[in-house]
Amino acid sequence: MKEEMNVPSPNQKKKNFLSKIPDGVKVEFFRWWFVGAICFFIAWGTNLGNKEDPFDLIFVLALVISLGHMLIFNPIVYGMFDIKRNGKIVNKKINERKIWEGSLLKMFDFFQSFVTSLLVYVSYILINRLILEVAHLDGSRLPFPVEPFGYATLFLIFYLAISFIVNKSILLISLIKRKHIQKKNMEKEEE
């Protein structure tokens, strides 16, 4: 009788499996899906994907992804998951920010997503040129056109790289600042 009570139900097994996946992995998978969905709807669902000049497509993709991150993605993610940066959970700080800090961070998120989209565009250009040169193809058709899976994967790679560089730079600046303050305090104590 006691053994039957300890047997987990199928629903509990699924919950345990998903709970073992770190929140950071879930967030990045959601980001990958979100960016891929935007690319799908913009590139394949509008006339922008059929134009000769890809600048309109890239500009609109960058704009929609940036606004989507700022207004849709970030509020959902910060509400659902524990986001850790440099080993600290930052979700609680979101609600404690001053208005100017929140505005500044939203502008940075917008700028980061926009720059990342432009980097993805440049990557597509370089990849296509490399394939055309190596395979000796004519330029009448792109061998690697913009599509949701590739776009989202490249976006995620660049987004994570930029985030890593920014977070490590902030950590380095705070360490330098802390050492400078400690040095000043030691000089005051010596006097």
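Going through the cross-link list Lys84/Lys106; Lys20/Lys84; Lys26/Lys177, which pairs have a Cα-Cα distance over 22 Å in this structure? Going by Cα-Cα distance, Lys26/Lys177 fall outside the 22 Å limit. The modelled label-to-label distance between Val60 and Val115, using points 7 Å beyond Cα along the C-beta direction, is 2.6 nm. For volume of the Cα convex hull per residue in Å³, computed directly from the structure shown, the correct entry in [x] 141; [y] 241; [z] 182 is [y].
Each part reduced to its alpha carbon centroid, the range 146-173 and the range 29-44 end up 16 Å apart. For an R0 of 22 angstrom, estimate the FRET efficiency from the Cβ-Cβ distance between Phe41 and Ile157 and round to the nearest 0.05. Here the calculated transfer efficiency is 0.55. Sorting 174-181, 53-60 by average packing, meaning the other beta carbons within 10 Å per residue, from highest down gives 53-60, 174-181.
According to the calculation over all Cα-Cα pairs in the range 91-151, the P(r) per 10 Å bin from zero is 19, 30, 19, 17, 11, 4 %.
If you take the beta carbon distance between Ser140 and Glu28 as r and set R0 to 35 Å, what does 1/(1 + (r/R0)^6) give as a FRET efficiency, to the nearest 0.05?
E(calc), rounded to 0.05, equals 0.45.
Two tests apply to each whole DSSP H helix in the chain, Cα reach of 27 Å or more along its axis and mean Kyte-Doolittle hydropathy of at least -0.5, and the ones passing both are 99-135, 148-190. The label-point distance for Ile89 and Ile165, in a model that sets each label 7 Å from Cα toward Cβ, rounds to 3.1 nm. Relative to the current alpha-carbon distance between Arg129 and Arg178, full extension at 0.36 nm per residue lengthens the span by 12.9 nm.
For the chain, the share of accessible area belonging to carbon and sulfur comes to 66 percent (1.4 Å probe, ligands and nucleic acids excluded).
The values are calculated or read from the model by the stated rules, or taken from the named source; none is laboratory data. As the structure is a prediction and not an experimental result, all values here were calculated from the model. Cβ: placed from backbone, ideal geometry, glycine included. Neighbour counts: every protein chain shown. For the accessible areas, the whole protein counts, side chains as well, though only heavy atoms, and no ligand, DNA or RNA atoms are used. Shrake-Rupley method; radii C 1.70, N 1.55, O 1.52, S 1.80 Å.
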